[in-house]
1. How would you order 96-104, 392-400, 223-231 from highest to lowest mean count of nearby Cβ atoms within 10 Å?
2. Suppose all protein chains stay in the model; what accessible area per residue would a 1.4 Å probe give for the chain, in Å²?
3. Leaving out ligands, DNA and RNA, and with a 1.4 Å probe, what % of the accessible surface on the range 140-257 is carbon or sulfur?
4. So what's the angle, to the nearest 10 degrees on a 0 to 90 scale, between helix 255-266 and the longest Cα principal axis of the chain?
5. Report, in cubic angstrom per residue, the convex hull volume of the C-alpha atoms of the range 172-256.
6. Compare the Cα positions of I248, F125, W500 along the charge dipole of the chain (+1 at Cβ of Lys, Arg; -1 at Cβ of Asp, Glu; about the Cα centre) and return the one farthest towards the positive end.
7. May I ask you to evaluate 6.51 cos²θ - 1.76 cosθ + 1.60, the Karplus curve with θ = phi - 60°, for each residue of the range 504-521 and list the ³J(HN,Hα) values in order in whole Hz, giving x for glycine and proline?
8. Can you tell me the dipole magnitude for the chain around its Cα centre, using point charges on the Cβ only (Lys, Arg +1; Asp, Glu -1), in Debye to the nearest 20?
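The values are calculated or read from the model by the stated rules, or taken from the named source; none is laboratory data. Because the structure is a prediction, the values reported are computed rather than measured. Don't worry about glycine lacking a Cβ; one is built from the backbone with ideal geometry, like all the others, and counts go over all protein chains shown. What goes into the accessible areas is simple: the full protein's heavy atoms, side chains included, and nothing from ligands, DNA or RNA. Shrake-Rupley method; radii C 1.70, N 1.55, O 1.52, S 1.80 Å.
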Amino acid sequence: MIAYLERFVPENDTDPIQQEDASDSRHDTRSPTLPDSLGIHGSSVESGPAAAAFASRDFGGIVSVRPLALIRPTGPEDIARIVRAASISAHLTVAARGNGHSINGQAMAHMGLVIDMRCLDPGFFELAPGGPSVPPSVVVSGGALWEDVLSRCLEHGLSPRSFTDYLGLTVGGTLSNAGVSGQAFRYGPQTSNVTELEVVTGKGTVSLCSEDENSELFLGALGGLGQFGIITKAKILLQPAPDMVRWIRLVYTEFAEFTRDAEWLITHPDGHSFSYVEGFVFVNSDDPANGWPTVPLRPDQAFEPARLLPTAGSVLYCLELALNYGSGDLPSTVNSVVERMIGGLGFVEGLEFHADVDYSEFLLRVKRVEQHAKATGIWEAPHPWLNLFVSKSSIVDFDRTVFKGILREGIGGPMLVYPMLRSRWDSRTSVVLPDSGDIFYIVALLRFSQPYPECAPVERQIAQNNEIIHVCNKNGLDYKFYLPHYKSQEDWKRHFGDKWTKFVERKSRFDPMAILAPGQKIFSRSSGLGSKIISV
């Protein structure tokens with residue numbers, strides 16, 4: 001997400017959709033009970049209505065699955081005991097819930113145990129300053145929020161290297177998926193910036209792992225959707241933190257020029273490009289939620305549509321850049337560097353916007369959006385978001401059929417699109433990328449609920465998401481879901497492709513009874529060795 005999200009937040013809330021996940025409950029007549037052997041020390045177990053309401057919903061607001069209990073542990077050994085207790089029951093499953101930002105119930109467990117990871121060692125912070133050939137690092141709790149990790153690191157003049165746009169997410173949650181933002185072209189996703197994990201496996205063991213120790217667990221857990229273990233600690237690589245950021249937005253009328261410049265910037269060597277490269281699509285109109293007003297960075301800046309050529313289409317493109325610098329750098333020096341780097345770019349002259357902000361303010365740019373959204377109630381409304389990785393070979397067709405076609409009137413929220421480099425990702429992890437080329441794009445359709453007269457807004461938005469996927473499949477586009485959600489065996493096999501066999505092997509090794517992360521709907525709970533794929 002990017003800062004202009006605040007323009008998409010309507011003043012009135014809409015009622016969130018809450019629907020029981022039929023694939024979990026339709027044929028389930030069991031009535032599980034908490035095992036006497038749970039034996040949690042110093043933690044709380046809650047099974048009342050308030051706990052159930054908390055653990056049965058997420059940011060998506062689309063799926064609701066009632067758990068048996070919500071557990072707030074004090075340490076990894078508590079989590080290990082929970083998993084071991086579940087393993088001797090017939091049907092119990094265990095889901096780790098970070099800050100509840102999943103979209104399709106991935107962190108839920110129907111009549112199972114949901115672990116509130118925010119309670120796990122929240123203040124744990126073990127800094128290693130590094131040395132001449134060793135970068136600094138920090139060990140933090142898997143339940144820590146990235147915004148809190150950043151705050152603690154800045155006290156020491158340091159910062160993590162790779163972020164997500166929104167920092168109100170837990171460390172373990174993003175590492176279980178990938179964790180991407182505008183720094184990923186340089187440093188890779190967050191999964192490429194961690195050197196050690198502490199993981200509670202589906203066997204109820206607490207294991208330290210890295211590339212050199214228990215490497216299969218380490219690589220499997222990174223991007224593993226919680227299938228092999230619950231991340232309770234992570235060692236994160238750091239770098240010296242800058243003081244300031246020159247924040248820039250450049251407007252394009254042609255997708256070819258937009259992608260050419262974005263790809264040129266991300267393939268430049270370190271020190272010869274920006275610190276952050278992202279982009280988004282917006283509507284060529286004065287629509288306050290989808291159009292020109294979403295582009296300027298400051299209240300005193302205005303978008304001048306007269307600068308656009310009459311041939312400009314229904315959608316336009318914005319390249320979003322950031323240059324980190326120190327408080328001692330002269331403004332003239334920063335200006336010179338920026339002018340040199342954007343001098344050959346093909347943006348529309350006169351439609352460039354600049355702002356100088358504190359480094360922390362830039363990284364926390366979505367926090368202001370969250371505060372406003374919570375104040376107006378929209379944060380609790382449904383968010384049927386769609387996130388894809390699309391290969392460079394297919395992104396032009398995606399633009400033609402989706403941005404210029406299906407979404408030409410906008411979505412009531414940001415439409416992000418920007419390139420990344422496969423070479424910055426570790427192919428040994430569980431993360432799945434498109435098949436072809438070193439350059440691929442992330443496409444994030446970040447919808448906010450809006451009233452439509454024809455039907456319920458969420459139903460319409462979900463239908464449009466399905467239409468986009470149908471068009472991608474029909475046209476043979478090379479893409480993969482980011483934050484995937486499937487229900488059928490064939491869909492999961494197709495998603496993982498060549499990694500499917502390895503994924504199943506790791507599941508059999510580290511969670512053979514399929515106790516963990518049932519909300520992902522990849523494997524069903526088994527009472528014996530070997531996991532079974534859900535087929536709906």
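1. Listed from highest to lowest mean packing, they are 223-231, 96-104, 392-400.
2. 39
3. After summing per-atom areas, the C and S share lands at 43 percent.
4. That helix lies at roughly 70 degrees to the long axis.
5. Each residue corresponds to 134 Å³ of Cα convex hull volume.
6. Checking the options against the dipole of the chain, the answer is W500.
7. Using θ = phi - 60°, the values come out as 5, 4, 5, 4, 5, 7, 10, 8, x, 9, 6, 7, 8, 6, x, x, 6, 6 Hz.
8. Rounded to the nearest 20 debye, it is 1460 debye.
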